[in-house]
Amino acid sequence: MKPGNGTHISEFLLLGLSQALEQQSLIFGLFLSMYLVTVFGNLLIILVVSSDSHLHTPMYFFLSNLSLVDICFTSTTIPKMLVNIQTQSKAITYEGCITQMYFYILFAVLDSFILTVMAYDRFVAICHPLHYMVIMNPQLCGLLVLVSWSMSVLNSLLESLMVLGLHFCSDLEIPHFFCELNQLLQLVCSDTFLNNIVMYFSAGLLGGGPLAGILYSYSKILSSIHGIPSAQGKYKAFSTCASHLLVVSLFYGTSLGVYLSSPATQNAHTSATASVMYTVVTPMLNPFIYSLRNNDIKRALQRFLGR
């Protein structure tokens, strides 16, 4: 591993979550289990939504997209970590690291956009119920997902290309279990001012912007729910949003905490632990949150599994 231009770097070292050898087997078993639960749980949601005509609505179209993104998001980081533990290797090639970072940023931003689109869907359903099917027509739903993908791809491409021109130092150890942009920039010997500006601007615009949209949607939703006269009506309206609100809280509470904290004061172990929450735990919990709190999904699961 030589210092210098990124093109001369052969590999990075991912230090992982723990250096203790006795903990590696535990971490491997735990993360393999969580990864399998994440993939099969989200895949089941996709299959149930696509196979049940009762769920061919905008809300469940966006939910199946969220499940697909969650599978891809988790698959960018966990399989490589499991392979490294199993082979007792910490290495990841330079090309592999940049590729992992590209897809990680892409699906993290896309997750944020899909959650925002789902909040808008609930806003229209509760605040404009009579016009819901007119507003949330198939063309608009498809366009919202397409725009989300396009913006995520362009942002990820921009940030990845900017990293390619950086000069890395001789110390190429990443105190993390995957190639995170924040950690990579701390290994650079050349000026990273522009990269930091782009990174924090993107986090603010593509992370904070959707969050502001979600908060605005829920402020309108809560206002509409408050105007419903019956307690049962209020409960029914809020119950359609509770699952989404819980997922949003988990995702944004951890991800923004990692990216908006200062690199100078950020503890590597704390950052890695928080990253586990939104890269592994949140995608794993999404199918449970939506299936356990949603009667439509419950009934569809029973019909699907009862075939």
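The values are calculated or read from the model by the stated rules, or taken from the named source; none is laboratory data. Since we're looking at a predicted model, the values are computed, not measured. Every residue, glycine among them, receives a Cβ derived from its backbone with ideal geometry; neighbour counts consider all protein chains shown. These accessible areas exclude ligands, DNA and RNA; they are computed on the full protein's heavy atoms, side chains included. Shrake-Rupley method; radii C 1.70, N 1.55, O 1.52, S 1.80 Å.
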(message) Starting from the Kirkwood Rh over alpha-carbon pairs, what translational D in µm² s⁻¹ does the range 36-176 have by Stokes-Einstein at 4 °C and 1.567 mPa s?
(response) 75
(message) Can you compute the helix-only [θ] at 222 nm over the chain? Use -39500 (n - 2.57) per DSSP H run of at least 4 residues, normalise by all residues, nearest 500 deg cm²/dmol.
(response) -23500 deg cm²/dmol
(request) Identify all lysines with a Cα-Cα distance to K90 below 26 Å; exclude those on the same chain that are fewer than 8 residues away in sequence. (result) K2, K80
(request) Under a cut-off of 15 Å between alpha-carbon atoms, report the aspartates and glutamates in cross-link reach of K236, not counting same-chain residues fewer than 8 places apart. (result) D296
(request) Report relative contact order for the chain in percent, whole number only (criteria: Cα-Cα under 8 Å, sequence separation at least 6). (result) 29
(request) Taking only protein heavy atoms into account and a 1.4 Å probe, give the accessible area per residue of the range 140-217 in Å². (result) 44
(message) What's the ranking of 145-153, 66-74 by average number of surrounding C-beta atoms within 10 Å, highest first?
(response) 66-74, 145-153
(request) Give the peptides 177-186, 224-233, 91-100 in descending order of average Cβ contacts within 10 Å, highest first. (result) 177-186, 91-100, 224-233
(request) Work out which helices of the chain, taken as complete DSSP H runs, extend at least 20 Å along their axis over the Cα atoms and score a mean Kyte-Doolittle of -0.5 or more, then list them. (result) 21-51, 58-75, 94-127, 138-164, 209-226, 231-259
(request) Return, in residue-number order, each cysteine of the chain whose C-beta is not under 4.7 Å from any other cysteine's C-beta. (result) C72, C127, C141, C241
